[in-house]
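Visitor: Structure in structure tokens, see below.
The values are calculated or read from the model by the stated rules, or taken from the named source; none is laboratory data. Keep in mind that this is a model prediction, so the values were computed, not measured. Note that we place each Cβ from the backbone using ideal geometry, even for glycine, and neighbour counts take in every protein chain shown. Remember, those area values only see protein heavy atoms, side chains included, never the ligands or the DNA or RNA. Shrake-Rupley method; radii C 1.70, N 1.55, O 1.52, S 1.80 Å.
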Amino acid sequence: MPTSQNTKDLQWFLQATKSETLNLHSISFYLSQPTSACFQETENSININISNNGHSQFSHLLTVLGTSKMTNSSLRNLEFHQVNWELQQIHNLGALLENNTGIKQIVFRRNRFNTECLYELSEIVKRNGVVKEITFSESGIGSVGASLLASALKVNNSLEELQIWEDSIRSKGAEELSKMIEVNPTLKLLTIFDSSSITATPLISAVLARNRAMEVHVWSGEQGEKSSKVVEFVPENCTLRIYKLDVAGSCWVACALGWNSTVKSLDLTGVRLKSRWAKEFRWVLEQNRSLKEVNLSKTCLKDKGVVYVAAGLFKNQSLQSLYVDGNWFSGIGVEHLLCPLSRFSTLQCQANTTIKAVTFGGGKTKIGRGGLAAVLQMLTTNQTVTRLGIYDDESLRPDDFVKIFKSLERNASLRRLSFQGCKGVNGDLVLQVIMETLQVNPWIEELDLARTPLQNSGKTEGIYKKLGQNGRAETEAETDLLKDMPMVVPKSCRVFFCGQENAGKTTLCNSVAQNFSASKLPYMDQAVRTIVKPVEQAVRTVGLTIKTFKDEDTKISIWNLGGQHEFYSLHDLMFPGHGSASFFLIISSLFRKPNNREPKNPTEIEEDLQYWLRYIVSNSTKAVQQCMLPNVTIVLTHYDKVNQQSQNFQETVNSIQRLRDKFHGFVEFYPTVFTVDARSSASVSKLTQHLRKTSKTVLQRVPRVYEICNDLIQILSDWRSENSNKPAMRWNEFADLCQVRVPSLRIRSRHDNKGRVEMRRRATANCLHHIGEVIYFDELGFLILDCEWFCGEVLGQLIRLDVRKQNSTENNGFISRKELEKILKGSLQSQIPGMSSKVFENLDTSDLVRMMLKLELCYEQDPSDANSLLLIPSILEEGRGRPQRWLLSTPDCVYAGRHLECDDSSHMFLTPGFFPRLQARGIRLTFHSLQFLFFSPISSLHSTCKK
């Protein structure tokens with residue numbers, strides 16, 4: 001699209017506004033620009049540039065907009081960038097808002113207000129009854145501005161979201177906002193960034209004390225530190241997470257929890273607590289009837305604090321899970337903790353019968369003789385606890401664990417046991433007793449012995465085999481190879497854009513990219529970037545594309561999953577690994593096709609969203625430690641074409657709420673459903689802010705990664721720069737790089753255990769694979785450093801490979817390896833010049849064949865034969881009513897099929913990548929003259945299975 005058609009002067013905008021020829025939903029003002037001009041991003045959004053000396057023009061524009069009938073009927077969003085407000089301009093803004101009843105969102109970015117302007121702005125907010133969202137970002141409103149806004153919101157009954165980013169409202173502003181929370185009935189979201197974490201205390205206390213269903217996020221960046229979350233309360237999942245708070249603040253929050261009925265999960269992991277807090281929390285446990293889960297891991301609680309918590313359990317009849325591992329108490333604390341969960345005579349009743357899970361232990365927890373006796377008493381008499389964890393204990397000896405396992409022989413309630421890192425789980429006697437206990441006790445389903453001496457010595461295989469957990473042993477053994485390496489918070493997060501074809505994912509991704517750089521580039525630079533890339537925005541996404549951004553020291557990569565059906569199996573291969581930092585955006589268009597105005601009905605939108613929700617649930621598993629349910633945000637595109645008051649739109653809103661209720665407990669929904677015009681960077685600015693902050697929140701929640709992985713990310717990036725940006729690396733090149741650049745992965749002498757170093761290197765590569773930094777398969781002998789290139793140019797073409805057109809043999813499903821290599825070379829070299837050559841500069845055709853075998857895109861007829869024919873499911877003829885050409889047509893053949901059903905088909909299904917695997921793994925058994933072939937074409941299979 002030429003520049004002249006998009007960039008206009010301000011006179012054109014004034015004339016178009018007066019003549020009512022524009023139908024604008026969003027207007028963004030950028031002051032202090034080199035020249036005055038306007039740029040129309042879409043037919044519904046425009047960005048207005050005003051030069052340094054154009055303040056009078058700005059006032060005039062506000063006046064004209066305030067009297068325009070056009071804006072009164074259509075305008076919804078206003079954004080102001082780098083405005084130094086004067087009182088007259090505030091008056092003009094007030095007149096605009098009074099005359100316009102459609103404006104719902106106002107954003108101030110890098111604005112400046114004097115006290116007089118802040119007072120007048122608060123008076124405008126007080127009078128306004130239509131605006132739903134107000135955001136201040138880097139605008140320096142301070143405690144005065146926060147106090148004035150608070151006084152206005154005590155009267156205003158329309159505003160639903162208030163966000164104050166990268167500002168300092170101080171304790172005075174926080175106090176005034178907390179008083180506002182007590183009386184304001186409509187505010188649903190409050191987000192604060194402040195230089196001091198103390199601002200969180202009054203805000204969250206007011207929300208808890210008033211039982212408000214208000215979402216609260218408070219961030220801080222004290223003393224030049226990078227921003228980190230202090231506290232968050234999400235009413236959608238009833239979870240209060242506190243990341244950083246002083247003792248006084250923690251006590252204040254505890255007091256507010258006493259009669260609260262909205263919080264079900266309280267997480268204080270890592271917050272330093274004292275007995276003064278525990279004394280207050282005892283009262284909470286005695287009074288509160290809604291708390292179901294409390295996590296007090298690594299909170300430095302000592303004996304006195306645990307005694308207070310245990311005392312509260314005697315009267316509590318609602319709590320189900322209590323985690324106090326990583327604390328500093330002794331056997332006295334253990335005795336008191338387990339007392340309400342035990343019986344001491346046959347006539348006594350168990351004091352607490354609601355607790356189902358409890359964990360304790362740690363390097364500074366000294367269980368001792370008294371603590372061991374309490375554990376044995378609880379295991380012998382308790383009838384309700386189903387999960388017990390003792391972590392990283394160094395005080396119990398092997399004979400103590402023998403006693404523990406012996407006491408389990410008659411326990412009929414425990415299902416899951418964890419002794420991670422316990423030094424006393426060691427020796428043949430312990431192993432023998434464990435096996436004997438599992439033989440006698442049929443109720444134990446899971447036994448976690450990770451990082452124990454028994455695990456490290458490789459003696460747990462029989463235990464896991466007995467429990468059906470032998471698949472875990474290999475992963476845990478790999479983890480143990482790096483157990484002496486420091487752990488850190490990961491620095492990269494993946495955002496998966498999911499959605500059907502033509503949902504607008506690519507356009508949305510491009511708009512998000514502009515917003516990420518909005519604070520670093522002048523607006524005119526962004527406009528030029530938008531104009532010079534029209535081809536990129538017009539081309540549909542093929543396969544999978546990746547865009548990467550930097551936000552402070554956080555790397556955020558957007559993985560845009562292709563919407564075409566043939567690439568659905570590729571999504572399975574790229575799904576995030578266990579515990580990796582990632583979350584999902586499910587994007588659905590409100591219209592059937594992007595270029596028409598035929599809206600989808602609510603059922604169609606519900607089906608779109610439900611497919612991806614079931615896909616995410618089907619591929620996800622609950623993490624064991626410090627992980628979370630898949631985080632999902634719903635985005636509806638082409639919102640600019642929708643009548644918000646239509647019955648169809650309201651039914652869509654209702655259907656989304658039904659999906660939230662249906663998938664509650666399977667995924668963690670972000671409460672807000674974003675409705676955007678994907679082409680407008682102004683329309684998606686709020687979504688971009690959500691991506692930035694959610695990425696940081698996710699990184700704080702997921703398990704830590706080995707520090708060496710974060711170091712290797714930069715080392716691998718440097719290697720690519722030094723090697724002509726090569727997208728792939730051979731294993732011997734990786735080994736050489738580790739030897740030269742990574743001391744902890746270096747073979748130091750010929751006497752070193754080279755096998756162990758090699759295993760550590762492979763474990764590190766696997767870790768990089770799981771967090772999405774590389775793609776690595778052990779058997780293939782190389783690492784993919786450019787994931788987008790691999791998914792688009794390599795995997796995308798392999799999945800679309802049409803062997804039938806180039807295979808001269810009969811289409812019976814099988815082809816020789818040599819012929820397949822020939823077809824691959826011809827297919828990949830027939831693409832656009834300059835793109836396909838990169839494939840064979842880095843990978844051989846034999847590599848591609850081995851990759852297809854690894855990813856199960858083809859199969860060996862006889863794995864023991866190096867020259868075995870290969871089965872490629874895509875060769876097979878498909879379609880109803882047509883016989884399969886590869887089937888044996890002899891009278892002594894019987895073809896049997898299976899109807900597969902899922903235990904929970906409403907939440908899960910077999911993803912498309914399953915079906916070719918099912919086809920090729922057909923079992924052919926020959927018994928005399930009867931042959932059974934478990935095989936069926938894709939089109940005739942049901943997408944459900946028994947799990």
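Visitor: Sort the following peptides by mean Cβ neighbour count (other Cβ atoms within 10 Å, averaged over residues), highest first: 771-777, 861-867. Before the final figure, lay out each step's value.
Guide: On the way: 771-777: 22.4, 861-867: 8.6.
Top to bottom by mean Cβ count within 10 Å: 771-777, 861-867.
Visitor: Same structure again: If the only charges are +1 at each Lys and Arg Cβ and -1 at each Asp and Glu Cβ, what is the size of the charge dipole of region 186-277 around the Cα centre, to the nearest 20 debye? Show your work: numbers first, answer last.
Guide: On the way: 11 positive and 8 negative charges, 49 e Å.
The calculated dipole for region 186-277 is roughly 240 debye.
Visitor: For region 425-437, what does the Karplus curve 6.51 cos²θ - 1.76 cosθ + 1.60, with θ = phi - 60°, yield as ³J(HN,Hα) per residue in whole Hz, taken in order and with x for Gly and Pro?
Guide: Karplus-based 3J(HN,Hα) across region 425-437 equals 7, 7, x, 5, 5, 4, 4, 4, 5, 4, 5, 5, 5 Hz.
Visitor: A further question on this structure: List the residues whose amide H sits under 5 Å from the amide H of Ile444, counting only those 5 or more places along or on another chain, with H placed 1.01 Å from N in the peptide plane.
Guide: Close amide H contacts, sequence-distant or interchain: none at all.
Visitor: For region 250-292, with all protein chains present and a 1.4 Å probe, just round the carbon and sulfur fraction of the accessible area to a whole percent. Let's see the in-between values first.
Guide: Values: 960 of 1900 Å².
Percent of accessible area from carbon and sulfur atoms in region 250-292: 51.
Visitor: For region 704-780, give the percent of accessible area contributed by carbon and sulfur heavy atoms, probe 1.4 Å, rounded to a whole number.
Guide: On the way: 1750 of 3890 Å².
Whole-percent figure for carbon plus sulfur exposure: 45.
Visitor: What are the ³J(HN,Hα) couplings of region 709-719, residue after residue, when phi is run through the Karplus curve with 6.51, -1.76, 1.60 and θ = phi - 60°? Round to Hz, x for glycine and proline.
Guide: 5, 4, 5, 5, 4, 6, 4, 5, 5, 5, 4
Visitor: Tell me, what HN-Hα J-couplings in whole Hz come from the Karplus equation 6.51 cos²θ - 1.76 cosθ + 1.60 at θ = phi - 60° for each residue of region 320-330, using x for Gly and Pro?
Guide: Rounded to whole hertz, the list is 10, 9, 9, 10, 10, 6, x, 9, 10, 8, 10.
Visitor: Evaluate the charge dipole of region 223-319 about its Cα centre and quote only its size in Debye, nearest 20, assuming +1 on the Cβ of each Lys and Arg and -1 on the Cβ of each Asp and Glu.
Guide: Working: 16 positive and 9 negative charges, 53 e Å.
The calculation lands at about 260 debye.
Visitor: Using Stokes-Einstein with the Kirkwood hydrodynamic radius over Cα pairs, what translational diffusion coefficient do you get for region 179-329 at 20 °C and a viscosity of 1.002 mPa s, in µm²/s rounded to a whole number?
Guide: Reported coefficient: 139 µm²/s.
Visitor: Just the accessible area per residue of region 666-734, please: how many Å² with a 1.4 Å probe?
Guide: Per-residue value: 34 Å².
Visitor: Using a 1.4 angstrom probe on heavy atoms only, work out the carbon and sulfur share of the accessible area of region 294-362 in %.
Guide: 59 percent
Visitor: Set the Förster distance to 41 Å, then compute FRET efficiency between Met759 and Lys264 from the Cβ-Cβ distance, nearest 0.05.
Guide: On the way: r = 43 Å, r/R0 = 1.05.
Once rounded, the FRET efficiency stands at 0.45.
Visitor: Leaving out ligands and nucleic acids, and using a 1.4 Å probe, what accessible area per residue does region 92-234 come to in Å²? It would help to have the intermediate numbers written out before the result.
Guide: Numbers: 4900 Å² over 143 residues.
On a per-residue basis, 34 Å².
Visitor: Before I look further, what does region 236-280 give for accessible area per residue, probe 1.4 Å, in whole square angstrom?
Guide: Working: 1870 Å² over 45 residues.
Ligands and nucleic acids excluded, the result is 42 Å² per residue.
Visitor: In addition: With unit charges on the beta carbon (Lys/Arg positive, Asp/Glu negative), name the residue among Trp165, Gly94, Tyr119 whose Cα is farthest towards the positive pole of the charge dipole of region 49-199.
Guide: Of the listed residues, the answer is Gly94.
Visitor: How many angstrom lie between the C-alpha centres of region 342-369 and region 67-112?
Guide: Cα centroid of region 342-369 versus Cα centroid of region 67-112: 61 Å apart.
Visitor: Starting from 0 in steps of 10 Å, tell me what percent of the Cα-Cα pairs of region 286-435 lands in each bin.
Guide: 12, 44, 35, 8, 1
Visitor: For region 385-446, what does the alpha-carbon gyration tensor say about shape, rounded, prolate or oblate, given a ≥ b ≥ c as the root eigenvalues, a/c under 1.5 as rounded, and a/b over b/c as prolate?
Guide: Working: a/c = 2.10, a/b = 1.29, b/c = 1.63.
Oblate, since a/c reaches 1.5 and b/c is not below a/b.
Visitor: I need the peptides 500-513, 13-26, 249-262 ranked by packing, meaning the mean over residues of other C-beta atoms within 10 angstrom, with the highest value on top. Can you show the working numbers first?
Guide: Values: 500-513: 21.9, 13-26: 16.7, 249-262: 20.0.
Packing proxy ranking, top to bottom: 500-513, 249-262, 13-26.
Visitor: Continuing with this model, one more query. Give, to the nearest whole percent, the P(r) tail of region 643-770 beyond 27 angstrom, counting all Cα pairs.
Guide: On the way: 4161 of 8128 pairs.
Value for region 643-770: 51 percent of Cα pairs lie more than 27 Å apart.
Visitor: Out of residues 5 or more away from Asp551 or on other chains, whose amide H comes under 5 Å of its own, with H placed 1.01 Å from N in the peptide plane?
Guide: Result for Asp551 returns Ile556.
Visitor: Continuing with the same structure: Kirkwood hydrodynamic radius, computed over distinct alpha-carbon pairs, for region 30-114: how many Å, to one decimal?
Guide: On the way: mean 1/r = 0.0754 Å⁻¹.
Hydrodynamic radius (Kirkwood, Cα only) of region 30-114 equals 13.3 Å.
Visitor: About its Cα centre, how strong a charge dipole does region 327-404 have in debye, to the nearest 20, once Lys and Arg get +1 and Asp and Glu get -1 at the Cβ?
Guide: Once rounded to the nearest 20, the dipole reads 160 debye.
Visitor: Divide, for region 109-190, the radius of gyration over alpha carbons by 2.2 N^0.38 Å, where N is the residue count.
Guide: Numbers: Rg = 11.4 Å, N = 82, 2.2 N^0.38 = 11.7 Å.
After normalising by residue count via 2.2 N^0.38 Å, the value is 0.97.
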